[in-house]
1. Condition check: of a type in the set (Asp, Glu), surrounded by 13 or more Cβ atoms within 10 Å (Cβ to Cβ) and part of a strand (DSSP E or B). Does Asp52 satisfy that?
2. Give the stretch 15-49 a look and list any residue that's in contact with a helix residue (DSSP H, G or I) (Cβ under 8 Å, 6 or more places away or on another chain) and not in a strand (DSSP E or B), or say none.
3. Find the residue count for the stretch 22-32, including only residues that are open to solvent by less than 40 Å² (accessible area, probe 1.4 Å) and at pLDDT below 95.
4. Of everything in the stretch 183-205 that's without any contact (Cβ under 8 Å) to a residue 40 or more places away in the chain and open to solvent by 70 Å² or more (accessible area, probe 1.4 Å), which residue is nearest to Gln130 (Cα to Cα)?
5. Which one is modelled with the lowest pLDDT, of the residues in the stretch 3-12 that are part of a loop (DSSP other than H, G, I, E, B) and open to solvent by 70 Å² or more (accessible area, probe 1.4 Å)?
6. Pairs under 9 Å by beta carbon, first residue of a type in the set (A, V, I, L, M, F, W, C) and open to solvent by less than 20 Å² (accessible area, probe 1.4 Å) in the stretch 234-253, partner in a loop (DSSP other than H, G, I, E, B) and at pLDDT 90 or above, six or more apart or different chains?
7. Tell me which strands (runs of 3 or more DSSP E) are completely within the stretch 60-128 and hold 2 or more residues being open to solvent by 30 Å² or more (accessible area, probe 1.4 Å) and within 30 Å of Pro172 (Cβ to Cβ), or say none if there are none.
Amino acid sequence: MNTKPFTSGLSENAVTITRVADRQWHALDDDLVVGRGHAHHRPDGRLFVSIDAWHDAIFDRLAEAMLAELPAPLYTVVDEADVELTAGWRRAGFTVRRREWEYVVPTDPRVTGLEAVVPPPGVTIVPAGQADEGLLRAVDRAIRDEVEATVGWQSMPAEVIPRPEGDTIVDPSKYAVAAAPDPYLGLIRVVTVIRPRIGLVAVRAGEQRRGIARALLAHALGTLHQSGFAAAWAEVQESNQAASALFEAIGARPMSSNLELVR
């Protein structure tokens with residue numbers, strides 16, 4: 001454990017910043033925890049940090065201790081509306097890397113306008129839980145390779161689902177796919193924990209602009225509507241104008257935004 005004294009004015013005793021476990025730090029004021037810091041690897045391999053502290057001075061000391069021990073680059077995600085937290089990370093040397101909008105997406109086909117949407121000729125939608133796992137993994141790998149060769153997969157919405165190293169399909173039952181007679185052409189992933197979240201909708205580069213993404217959305221949202229969900233949520237990077245247009249065309253509304261910061 002690494003400990004350094006810090007006089008905060010919170011009490012007569014010095015506040016200490018202590019590493020209590022691997023990639024975990026506490027700020028202690030007379031045995032009272034007044035701040036916590038944590039670092040963890042996202043599934044894409046990047047190292048993200050977070051701090052929860054009572055006062056700006058404690059935040060700054062936790063950041064100082066963590067940054068001294070962690071390898072660069074480091075990332076964090078903040079709600080853009082949280083001005084104080086954003087300012088704290090800026091003081092620590094972080095800058096804005098990208099902005100993600102969180103959309104609330106209606107599921108009622110009468111609202112989305114997707115009730116009459118069908119896949120293009122020769123394409124069928126295979127419901128979640130019924131996809132061939134081998135073909136699903138093949139199309140996921142192909143799409144990831146195509147994105148990585150152009151804008152880079154890190155431009156996609158941040159993935160926070162824990163998964164074994166090297167496995168990009170955590171739970172095949174969460175994916176519906178667009179299928180041609182043999183290969184799969186696109187996929188959509190919907191995960192419901194507290195509320196349904198569209199984690200990914202993607203189509204092979206050579207099959208785009210055929211209405212496949214709209215057909216996948218029509219299927220997924222229609223299924224959620226039948227299950228009693230009035231809305232789903234999705235994150236879209238600000239620079240992804242095609243994705244923003246796709247969601248806004250079906251009545252989705254941006255409700256909040258997150259900033260990904262990097263140091």
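The values are calculated or read from the model by the stated rules, or taken from the named source; none is laboratory data. Since the structure is predicted, the reported quantities are computational estimates derived from the model, not experimental observations. Don't worry about glycine lacking a Cβ; one is built from the backbone with ideal geometry, like all the others, and counts go over all protein chains shown. Ligands, DNA and RNA are stripped out before the accessible areas are found, and what is left, the full protein with its side chains, is counted by its heavy atoms. Shrake-Rupley method; radii C 1.70, N 1.55, O 1.52, S 1.80 Å.
1. It is true that Asp52 is of a type in the set (Asp, Glu), surrounded by 13 or more Cβ atoms within 10 Å (Cβ to Cβ) and part of a strand (DSSP E or B).
2. Scanning the stretch 15-49 gives Asp44, Arg46.
3. Step one: of the stretch 22-32, the residues open to solvent by less than 40 Å² (accessible area, probe 1.4 Å) are 25, 27, 29.
Now narrow it down to the ones that are at pLDDT below 95: 27, 29.
The total comes to 2.
4. Filtering first and then ranking leaves Val193.
5. Glu12
6. Pairs found: Ala234/Ala252; Val236/Ala252; Ile250/Gly113; Ile250/Leu114.
7. 95-106, 124-126
Let's see how each residue does on (1) open to solvent by less than 50 Å² (accessible area, probe 1.4 Å); (2) of a type outside the set (Gly, Ala, Ser); (3) in a strand (DSSP E or B):
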{"site": "Arg209", "(1), (2), (3)": "no, yes, no"}
{"site": "Leu217", "(1), (2), (3)": "yes, yes, no"}
{"site": "Ala220", "(1), (2), (3)": "yes, no, no"}
{"site": "Thr223", "(1), (2), (3)": "no, yes, no"}
{"site": "Phe229", "(1), (2), (3)": "no, yes, no"}
{"site": "Ser256", "(1), (2), (3)": "yes, no, yes"}
